[in-house]
Structure formats: structure tokens, C-alpha cells
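Working notes, structure below.
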Amino acid sequence: MKPPTEAGTTNQESSEQKAISVEQAKVKTVANMQEAFNGESNATARYAAFSKKAEEEGFKEIALLFKAASLAEKIHANNHKAVLEEMGVVVKTPTIDVKVQSTKENLEFAIKGEAYEAATMYPTFLKEANAAGNQLALMSLNYAYKTEKKHKELYVLALAALNGNKTNTLASTYFVCPTCGNTYETTAPKRCGISMTSGEKFIKINSL
């Protein structure tokens, strides 16, 4: 058995290490929210450009999907920015970098981006926000995380339809939750499956 003095010292060191860990998580969360805000701002601009390209190529349904996704990403960006402002952080102006290719290539790029956010980026950010005890960050990050998983599925379906020359089978109407960006095809739910927002408040996207 360790002497009381050693035990006391060990407990004190453990507390200090824990405190440092929380402090590091708080610092990391600020950086993560800045990165997420920049990423969602880019996605907003990127998907708007992809929508225009799809329309030019005659893929109206895919253009509508990208338009709906662009709105959802804007909601995520605004949420992330609001969290940073609540934390008293000076929000950095996003650096926008948009490259437009063919609609097929744009869908492939979007799938990779959403897959990364859903599988790697947001899970990591959520873990660190939880360690920091930042409930607002957790809420904003979770909204984006769950929505990006849905966006990936929608893009996969759109790419399959494009490859099979069946884009006319895709949805021609989308509903976007104004609170979390959750995106639904064809009809709005009574309540958002992520934020519980009333379906009556959803934004309808059915024209370019």
C-alpha cells in the first residue's frame, strides 16, 4: 500500500491531468467548430454550383437535390457560427474553394465528402465536444452529422440513377428542416427525425 502522501500526490496529479484534458478539449472544440463552419460554408457554395451544372446538363432532379443539400449545409454553417459566437470566439471568414466538373464527377466528389464527414470528421468532433462539456457544440455537430449521413445516401441513389439513365425516377421535391438541415424526399414529416421541428416549418424545394 502506498503511503498517504503518495496517494494524495497521485490523486492530485490525476485531477490536474483531467483538468488539462478538459481544457485541451475546449481548445480543440473551438478549432473544430471553425473547421466545420469553413467546411459547411464551402459545401453550401459547392452544392449550389453543382446544382447549376446539373441543370445545364439536363438533370433537373439531381439539380434539385443539390439545391436542397446546399440549403441544408447553409443551415449547418449558420449553426456552427452561432455556437462559436456564443463561445465568444471571433469567427474566421471561410475560405471558399469550389471546383465544378461533370454532374457524375460532382456526385462522386459529394459522396466522398459526405462519407468522410459522417465516418470520420463529425464523430471525432463530437467526441471532443463531449469531453469539453460543450452542449451547444454537441447539438450543432450532431445535427450536421446525422444529416450528412442522409445526404450521402441520397447522392448514392442519384449516382446510380444517373449511371442507369433513370434520373427521372428521382424525387422532384425535397423538404429541408430549418433547424438542423435534415432533408426529406417528396413529403415533410410531422416532426423532424433529428430536431423535432414541426414539419409545417420545413422549407420546400421543388423549383430551380
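Looking at region 170-198, which of its residues are among the β-branched types (Val, Ile, Thr), part of a loop (DSSP other than H, G, I, E, B) and in contact with a helix residue (DSSP H, G or I) (Cβ under 6 Å, 6 or more places away or on another chain)?
Step one: list which residues in region 170-198 are among the β-branched types (Val, Ile, Thr), which gives 173, 176, 179, 183, 186-187, 194, 197.
Those still in the list that are part of a loop (DSSP other than H, G, I, E, B) too: 173, 179, 186-187, 194, 197.
Answer for region 170-198, where residues must be among the β-branched types (Val, Ile, Thr), part of a loop (DSSP other than H, G, I, E, B) and in contact with a helix residue (DSSP H, G or I) (Cβ under 6 Å, 6 or more places away or on another chain): just Ile194.
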* Asked: Is it true that some residue in region 70-81 is of a type outside the set (Phe, Trp, Tyr) and without any contact (Cβ under 8 Å) to a residue 24 or more places away in the chain?
  -> yes
* To do: State which residue is modelled with the lowest pLDDT when the search covers only region 172-208 and only residues that are of a type in the set (A, V, I, L, M) and under 24 Å from Lys53 (Cβ atoms).
  => Leu208
* Structure fact -> Scanning region 157-184 for residues that are under 17 Å from the mean Cα position of the chain (by Cα) and either over 29 Å from Lys81 (Cα atoms) or open to solvent by 40 Å² or more (accessible area, probe 1.4 Å) (or both) gives Pro178, Thr179, Tyr184
* Taking region 41-90 as the search range and keeping residues that are open to solvent by less than 20 Å² (accessible area, probe 1.4 Å), more than 15 Å from the chain's Cα centre (by Cα) and of a type in the set (Gly, Ala, Ser), which one is farthest from Asn168 (Cα to Cα)? -> Ser51
* If you scan region 126-144, which residues turn out to be buried (at least 20 other Cβ atoms within 10 Å of the Cβ), closer than 17 Å to Ala31 by Cα and under 11 Å from the mean Cα position of the chain (by Cα)? -> Ser140, Leu141, Ala144
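Does Thr187 satisfy the condition of being among the β-branched types (Val, Ile, Thr), exposed (fewer than 15 other Cβ atoms within 10 Å of the Cβ), within 28 Å of Ala82 (Cβ to Cβ) and more than 12 Å from the chain's Cα centre (by Cα)?
Details: among the β-branched types (Val, Ile, Thr): yes; exposed (fewer than 15 other Cβ atoms within 10 Å of the Cβ): yes; within 28 Å of Ala82 (Cβ to Cβ): no; more than 12 Å from the chain's Cα centre (by Cα): yes.
Taking the combined requirement at face value, the residue does not satisfy it.
The values are calculated or read from the model by the stated rules, or taken from the named source; none is laboratory data. Since this is a predicted model, take the numbers as computed values, not measurements. A quick note on method: Cβ atoms are made from the backbone with ideal geometry, for glycine too, and the neighbour counts reach across all protein chains shown. Heads up: the accessible areas ignore ligands, DNA and RNA and are worked out on the full protein's heavy atoms, side chains in. Shrake-Rupley method; radii C 1.70, N 1.55, O 1.52, S 1.80 Å.
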